[in-house]
Every structure is written in C-alpha cells, then in structure tokens.
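Below is one structure; the comments refer to it alone.
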Amino acid sequence: MYYPYLRGKQFELIALRELSEMMAESPQKVSPIIEPVKNSSTLKTTIKEFRGKGVNFNIILNSSVGDLIGSYIDIIETISQEIEDYSNFQLGIIINSKIDVAEVKSIMDSITFDFVGFSLIHIGINSNISSIIEELETKKQVVNNVIYFNKTSRRYYREFLSDSRVGLDDFFNSLPRNSDYLSVPDSQFSEEHLFYNDDGYKGFSDFLTVGDHYSDSGFLPYAVAIHLSYTADENKIRIKHFVSDSNSDTSDIGGKFMEAVGKLVEWCDANHADSYAISQFRELHARGHFPGLGSIKKLSVMHHIELVKTLI
C-alpha cells in the first residue's frame, strides 16, 4: 500500500481533494498522510471531501513544521468539526527522541471522536517507544509504524510486526535552483513499490515530487521546473525535470511555464505518457494558459500518486 506523505499546504491538499474519488475506488492501494501546517479552510474542505467520498487517510496531530507546531488541540478541534460520524481514518503522531508518555496521554485525552487507530511517524529513535505504544493502545491499536529511514535505523524497528511497518524515505533529487535541473534533466527516484513486501513491510511512503524540505516563504523563481515521474528499467520510478530556458531574471513567469510545459508535452507525446494530470498540462499548453506556480506543483503531485497507484 502507498502512503504519500504531504504537508498540508494549499495546493498539496487540493491535489488530494481532486484525487479523492480515485483513492476511494482503490482503498487498498493509497492512504495519504497529511501533516497539517495551517488550520486553513482548505484543510477543512479536504477532510470533508474525504468523509464524503469514503477515503481512508492519516492526519498528524503534533505537526513538526508550519503554524501548528505544539497546537494539537487546534488540529483535533478541526477534525472534530468536519468529521461528523466518519471514522475511516488514522490519527498520526510524530515520534522523535523527545516525545514522552505524558505528552502522548495529553494528546489522547483531547480526542473525543472515533477513528481506526494510530499511525506513528518515526523521525527519531525514542528509548521509551514501548511505553508510548502501550499507552496509545489503551485507546486504539497502532496500525501503522511509518519509519523514516533517513533519520532512524531499520534495525531498531525490527521489533514492529510486518503488518504495521511502512518505510518512508525522501527520494526526490532536490537541487538548490530550478535552473540546476537543466544539467540533470532525468533522475532516479525509487523502486520501493517493487520490493516492500519482500522486505517485510505492509507499505511504503515518500514525499512525492516535492521532497522533505519545508518552506513557507514564496518568491518568484528565475526558472520554472516541472517534475514528472515515470517508469523505466523494469518499472523503477524516475523523474523527468522539464525546465524553462529564459532564466536570466524573474520576469514573465507565464512565458517560462510555456517553455517548460512545451518540453513536457513533447516528451509525453513521444513516450505515450498519459494521466489526468498530463491531460491538464496538455490543455494548459494548448490554451497558452499559466495557472500559477502552485497549480504546477498540484498537477505534479497528482500525477505521481496516479502513477504509483497503477504500479501496486
């Protein structure tokens, strides 16, 4: 099963919302993990959409980035307001080296609605993890142990049963500037979807074509880059990077987008690549319309989830 990990920024949430019907149709294939970063109307409408479509999802209560650090009460209240009697979701708790049983108990005591169980996101090794899990399971079962391998150890988590283990990694080749992708037009991504069962995991997770780096600041880029996942070499996932050419300044972002999306459409036509997101890129190219930088990321995220779903 695939657990795409997304921060709850506006266009990431809109991507999930627009894929809600597809995820509902494949309940054993995709279950997104959301780390809320703002208590926004988009977060509320996304929860409402998941409820209406019957999507299984995971929502983290103790966010590690954004405006909601330390504000688990706000996240719990938002869920409570929007979820009604729906319970087909998991509550996520980030496990680092500092969280303790008292903090976990405080979080649990604030929950008044029903849910499937807990998803633990392990981003650090906690010496009290057995006690934390024991405390959590007085309320609900820990159904997912999501292990971030970049920040933890595979060996440490052998104690977790395979029917709860989910591997998380940041596979995106993040470069300092969009224009840098001109020299790296194609990069390796992942092959976890091929081997996670053999490795003793129930599922796998990644940060899609966004990467783990979180920033809340916006700026006009010198170059526009579109990141599109695809399969090659026995269904391993790679990323094509389509980049604008007129990158000497920050003027005419729309023109830069048309340069990048023109390359994308040409490559997709030549390689018979298609998805809902690609059809949207084709339409934007045909209309000569720039939808905004956020929409580019939204379509890239949507395509990646669509692609992975077809591979599992």
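Given a Förster distance of 22 angstrom, what is the FRET efficiency for Ile125 paired with Leu161, based on the Cβ-Cβ distance and rounded to 0.05?
Numbers: r = 18 Å, r/R0 = 0.83.
Using R0 = 22 Å, I get an efficiency of 0.75.
For the chain, take the convex hull of the Cα atoms, compute a quarter of its surface area, and give me that in nm², please. If you can, show how the numbers build up before the last one.
Numbers: hull surface 63.1 nm².
Averaging across all directions leaves 15.8 nm² for the Cα convex hull.
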| remark: Least to most buried among Glu21, Glu49, Glu35, by other C-beta atoms within 10 Å and fewest first, runs Glu21, Glu49, Glu35
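Taking the Cβ of each residue in His213, His289, His227 as the centre, tally the other Cβ atoms inside 10 Å and list the residues starting with the fewest. Walk me through the numbers on the way to the answer.
Numbers: His213 10, His289 13, His227 27.
If I rank by nearby Cβ atoms, fewest first, I get His213, His289, His227.
Which value in deg cm²/dmol, rounded to the nearest 500, describes the helix-derived mean residue ellipticity at 222 nm for the chain, given -39,500 (n - 2.57) per DSSP H run of n ≥ 4 and division by the residue count?
On the way: 10 runs with 111 residues, N = 312.
That calculation yields -11000 deg cm²/dmol at 222 nm.
Whole number please: convex hull volume per residue, Cα atoms of the stretch 148-249, in Å³.
Details: hull volume 11.6 nm³, N = 102.
Given the Cα convex hull of the stretch 148-249, per-residue volume reads 114 Å³.
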| field | Of Lys29/Lys263; Lys48/Lys98; Lys202/Lys263; Lys48/Lys263; Lys263/Lys298; Lys38/Lys202, pairs whose Cα-Cα distance is over 28 Å | value | Lys29/Lys263; Lys48/Lys98; Lys202/Lys263; Lys48/Lys263; Lys38/Lys202
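Every number in this text was worked out from the coordinates using simple rules, so none of it is lab data. Bear in mind the structure is a predicted one, so any value in this text is a computation, not a measurement. Note: ideal-geometry Cβ built from the backbone for every residue, glycine included; neighbour counts use all protein chains shown.
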